[in-house]
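Novice: Sharing a structure with you now.
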Amino acid sequence: MSPREQKKLLYRQNILEAASLLFERQGFSETSIADIMRAANLGVGTFYNYFESKEEVLLALLKNLAQKLDRAVEEGKQSHLSSTQLLELACKVLSKLLAENRFVLPLFLSASEHSDKPELLPTRKYTPTFKPIFEIVIKRGQQEGEIRKDVPADLIAEMFHSIYQAASFSKLNIPFRENIELKVRLLIDGIKIQNLMR
């Protein structure tokens, strides 16, 4: 990689890190491009060499998180984890990523608040979706006879995906990540084939 390419990569990473910090601190809608570039110690004009809009920055951040989750699942597959073990791993990794990137949770909450307002549906493309990763693992488990087939894989994946919203809204005196782990355990117990045979 040439020094020029390294510099471009560094600037892009600085913009993403600054945006992530500001989205967490003051919210996505309250953060301007000027705020991001000031935090990245770069000129506002430089922004447009890397991104077309603030929304594109958000999508890049969400894509990075999805790629990290996908990598963790792939590593789990290489370690020969079962499908239910992969689901547990994916949920733990995702709860860690969400805890480290707190700007994502308000996006989940905003999506659920506007779910009954079709006029706001264009904003849904900025809603984090890790559902396809869960769905692939669930389909694998169904094919291998580990996960029940009487419920569609996409519905089960949606349930895993919604655990994070439920934990965010929870009024229970249980820490966020522990809340997720308990819900995941219950859900996995409900989809395992061997539990249906008892």
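Novice: Can you give me the number of residues within the range 141-164 that are open to solvent by less than 60 Å² (accessible area, probe 1.4 Å) and either under 23 Å from THR129 (Cβ atoms) or in a strand (DSSP E or B) (or both)?
Specialist: The total comes to 12.
Novice: Out of TYR11, TYR48, I need the residue that is open to solvent by 40 Å² or more (accessible area, probe 1.4 Å), hydroxyl-bearing (Ser, Thr, Tyr) and touching a Ser or Thr at 6+ places or on another chain (Cβ under 9 Å). Which one?
Specialist: TYR11
Novice: Limited to the range 49-107, what total is found for residues that are over 29 Å from ILE193 (Cβ atoms), in contact (Cβ under 8 Å) with a residue 60 or more places away in the chain and small (Gly, Ala, Ser)?
Specialist: So the answer is 1.
Novice: In addition: Test LEU86 against the criterion of being buried (at least 18 other Cβ atoms within 10 Å of the Cβ), closer than 30 Å to THR31 by Cα and modelled with pLDDT of 90 or more, and give yes or no.
Specialist: Taking the combined requirement at face value, the residue does not satisfy it.
Novice: Could you tell me whether ALA167 is at pLDDT below 90, in a helix (DSSP H, G or I) and surrounded by 15 or more Cβ atoms within 10 Å (Cβ to Cβ)?
Specialist: Considered against the rule, which asks whether it is at pLDDT below 90, in a helix (DSSP H, G or I) and surrounded by 15 or more Cβ atoms within 10 Å (Cβ to Cβ), ALA167 comes out as yes.
Novice: Moving on to the next point. Does LYS125 count as modelled with pLDDT of 75 or more, in a helix (DSSP H, G or I) and open to solvent by 80 Å² or more (accessible area, probe 1.4 Å)?
Specialist: No: the conditions fail for LYS125.
The values are calculated or read from the model by the stated rules, or taken from the named source; none is laboratory data. In this text, all values refer to a predicted model and were calculated from it rather than measured experimentally. Note that each Cβ is placed from the backbone with ideal geometry, even for glycine, and that neighbours are counted across all protein chains shown. Just the protein is used for accessible areas: all its heavy atoms, side chains included, with ligands, DNA and RNA removed. Shrake-Rupley method; radii C 1.70, N 1.55, O 1.52, S 1.80 Å.
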